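Engineer: I'd like to ask some things about the structure below.
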């Protein structure tokens, strides 16, 4: 778009083998107008990061809290995945070389939830909580250790309602 300095893309893969995508933290409310905007940090990470540690450092440094996210990060060189949950004051990193890490608009860190959001983790009727429950069942239980391109397609196509445990009507 003319004049738009941010790509608007939610995902990228770099020549350094770094994979990055984001999912917005629901009901986040803090912001620091003196910090570095997300799109600048995302661009810098895409251009200069050579590892998960690099991505985390770039996103945390000068963070303004605007567009708070869970950043899902992969490194094809080390076969490692990570999730950087980044608020304004709080952040946490989860890492793994032997499992998938999920994210879909739900915050995970209790401290960040308590201090920087109004998100109710106990309301199973909200879309982020419903997606979390379903992804935990699919990725962490049913398909654990079996995720490949085909099972990834199954996960993306899944439309089971977690409240009724039945396929949702289209």
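Engineer: With label points built 7 Å along Cα→Cβ from the Cα atoms of residue 165 and residue 50, find their separation and express it in nm.
Structural biologist: 5.1 nm
Engineer: Among 92, 131, 114, whose mean-square fluctuation peaks in a Gaussian network model of the chain (Cα, cutoff 10 Å)?
Structural biologist: Checking each option, the largest mean-square fluctuation is seen for 114.
Engineer: If you don't mind, another one. Under a GNM of the chain (C-alpha, springs under 10 Å), which listed residue has the highest mean-square fluctuation: 98, 90, 75?
Structural biologist: 98
Engineer: Given springs between every Cα pair under 10 Å in a Gaussian network model of the chain, which of 129, 64, 120 has the largest fluctuation?
Structural biologist: It is 120.
Engineer: Can you give the translational diffusion coefficient of the stretch 1-96 in µm²/s, computed by Stokes-Einstein from the Kirkwood radius over Cα pairs at 4 °C and 1.567 mPa s?
Structural biologist: Answer, rounded: 96 µm²/s.
Engineer: Fewest to most neighbouring Cβ within 10 Å: what's the order for 89, 44, 146?
Structural biologist: Ordered by Cβ neighbours within 10 Å, fewest first: 146, 89, 44.
Engineer: So for the chain, Kirkwood radius off the Cα pairs, Stokes-Einstein at 10 °C and 1.306 mPa s: how many µm² s⁻¹?
Structural biologist: In µm²/s, the coefficient rounds to 93.
Engineer: Per DSSP H run of n ≥ 4, the term is -39500 (n - 2.57); total these for the chain, divide by its residue number, and report the mean residue ellipticity at 222 nm rounded to 500 deg cm²/dmol.
Structural biologist: Value at 222 nm, helices only, nearest 500: -8000 deg cm²/dmol.
Engineer: Given a cut-off of 14 Å, what percent of all Cα-Cα pairs of the stretch 122-170 lie beyond it?
Structural biologist: 53 percent
Engineer: At what distance in nm do the modelled label points of residue 122 and residue 99 sit from each other, each positioned 7 Å from its Cα along Cα→Cβ?
Structural biologist: Those two pseudo-labels are separated by 2.5 nm.
Coordinate-derived values only; no laboratory data. Quick caveat: nothing in here was measured; it's all calculated off a predicted structure. As a convention, Cβ positions derive from the backbone with ideal geometry for all residues, glycine included, and neighbour counts pool all protein chains shown.
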